[in-house]
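The numbers here are math on the coordinates, done by the rules we state, and not lab data. Quantities reported herein were computed from a predicted structural model and do not represent experimental measurements. Reconstructed Cβ throughout: ideal geometry from the backbone, glycine too, with neighbour counts over all protein chains shown.
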Amino acid sequence: MIVLGVETSCDDTAAAVLVDGRTVIANLVSSQDEVHSPFGGVVPELASRQHVRHILPIIDGALTQAGVGLSGLDGIAVTRGPGLVGSLLVGLSVIKGISYRWDIPYVGVNHLEAHLLAIFLDREVSFPYLSLLASGGHTLLYLVRDFGAYQYLGGTRDDAAGEAYDKVAKMMGLGYPGGRVIDQLSKSGNSRAISFPRARMKRGSYDFSFSGLKTAVWHYLKEREKDAWEAQKADIAASFQEAVVDMLVAPTLRAARELGVKRIVLTGGVAANSRLRQRMTEATRAEGMEVHVPPPSLCTDNGAMIALTGYHWLKRGRRDDLRLNADADLTL
Ligand code: KG4
Ligand code: ZN
């Protein structure tokens with residue numbers, strides 16, 4: 001079964017072709033980082049316009065790379081939410097048009113479900129597993145019991161982890177997106193140089209919170225001359241990052257222990273963070289657990305995870321029609 005997957009929920013226009021739910025034969029992404037970089041974050045209106053410009057060439061490119069024509073497709077999967085509504089509408093409308101004109105079945109896919117399942121594009125993992133999804137838009141912890149069976153355990157109460165990275169990078173004039181830059185800069189800094197606060201949640205909660213930390217960094221910078229903190233940039237980055245990683249690792253490990261789950265999967269753009277990977281690997285090894293992280297191209301937004309999720313639904317006989325709408329607040 002050959003499935004085309006299309007993703008336009010935020011600022012990446014992506015398309016991929018997947019064979020039998022396993023083999024990715026094309027996976028293309030057109031990033032908008034340059035467009036949003038001057039603003040230090042995604043500007044929704046600009047994002048939709050970029051999607052309009054790029055979606056057909058990206059779909060065309062993926063089909064050409066895969067050596068498959070539209071007539072060779074058994075189905076199409078497209079993200080229907082959650083995300084920016086203007087961005088979602090571009091992908092969904094284009095796919096409805098293609099599905100109608102060429103009579104190809106299509107399904108609308110939940111973007112969060114796709115992130116939770118993306119690991120299967122890289123390797124087999126047995127159920128159940130805990131999935132920590134940390135990106136620019138989400139910080140969520142789910143127990144994945146089976147395909148289609150997801151239990152919400154916790155989420156951020158304010159900023160997403162990647163959003164905190166991006167905002168702190170903006171304060172420090174490091175550019176957008178900020179995660180990778182802070183990750184790199186931290187390698188030459190001392191993570192114990194500054195003791196930034198860690199949010200503490202009530203007992204039994206697996207929630208996250210990053211806005212207090214972000215504000216603490218803001219105060220730290222404001223209370224000093226620019227030259228003074230510029231000279232300390234790597235230490236600030238490393239200390240901030242250590243606090244983020246502490247706040248991601250602690251609830252995840254606690255949930256794994258309390259629920260007796262032995263496997264943890266990291267996903268979303270922040271899963272590319274070298275310190276998070278290192279700390280999670282050390283912590284899980286000490287507790288006899290496993291940690292799995294898909295390669296960066298499958299952690300960040302991509303069409304392959306949408307195709308994979310769509311493949312499972314199509315196989316179960318689901319078909320969407322032209323009445324399906326985008327849902328910016330779609331939950332799992
Ligand atoms: O999943 P993603 O590509 O897009 C969505 O947000 O949906 O994630 C992007 C986020 C950005 O906030 C970026 O700063 C962060 O992931 N990120 C990182 C790293 N690489 C990307 N954060 C920390 N360390 C990294 N190495
Ligand atoms: Zn995403």
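Below, the figures for the structure above:
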read-out	value
Total residues in segment 136-155, condition within 16 Å of ligand 2 (Cβ to nearest atom), surrounded by fewer than 23 Cβ atoms within 10 Å (Cβ to Cβ) and of a type in the set (Ser, Thr, Tyr)	1
Residue match in segment 295-313 (condition: of a type outside the set (Asp, Glu), surrounded by fewer than 24 Cβ atoms within 10 Å (Cβ to Cβ), in a helix (DSSP H, G or I) and in contact with a strand residue (DSSP E or B) (Cβ under 6 Å, 6 or more places away or on another chain))	yes
Pick from segment 71-90, criterion in a loop (DSSP other than H, G, I, E, B) and buried (at least 23 other Cβ atoms within 10 Å of the Cβ), ranking: farthest from ligand 1 (Cβ to nearest atom)	84
Condition broken by residue 266, with the remaining ones in (1) under 30 Å from residue 194 (Cβ atoms); (2) within 15 Å of ligand 1 (Cβ to nearest atom); (3) assigned to a helix (DSSP H, G or I); (4) of a type outside the set (D, E, K, R) satisfied	(3)
Elements of type strands (runs of 3 or more DSSP E) contained in segment 114-223, each with 3 or more residues being in contact (Cβ under 8 Å) with a residue 24 or more places away in the chain and hydrophobic (A, V, I, L, M, F, W, C)	129-134, 139-146
Contacts under 9 angstrom Cβ, first residue in segment 298-311 being more than 12 Å from ligand 2 (Cβ to nearest atom), partner of a type in the set (Asp, Glu) and in a helix (DSSP H, G or I), 6 or more apart	309/113
Positions within segment 96-109 being touching a strand residue (DSSP E or B) at 6+ places or on another chain (Cβ under 7 Å) and either closer than 30 Å to residue 292 by Cβ or hydroxyl-bearing (Ser, Thr, Tyr) (or both), in sequence order	99, 106, 107, 108, 109
Some residue of segment 93-110 being within 13 Å of ligand 1 (Cβ to nearest atom), touching a residue at least 40 places away in the same chain (Cβ under 8 Å), crowded, with 19+ Cβ neighbours inside 10 Å and not acidic (Asp, Glu)	no
Top-ranked residue in segment 1-32 [being touching a Phe, Trp or Tyr at 6+ places or on another chain (Cβ under 7 Å) and farther than 18 Å from residue 97 by Cβ; ranked as nearest to ligand 2 (Cβ to nearest atom)]	18
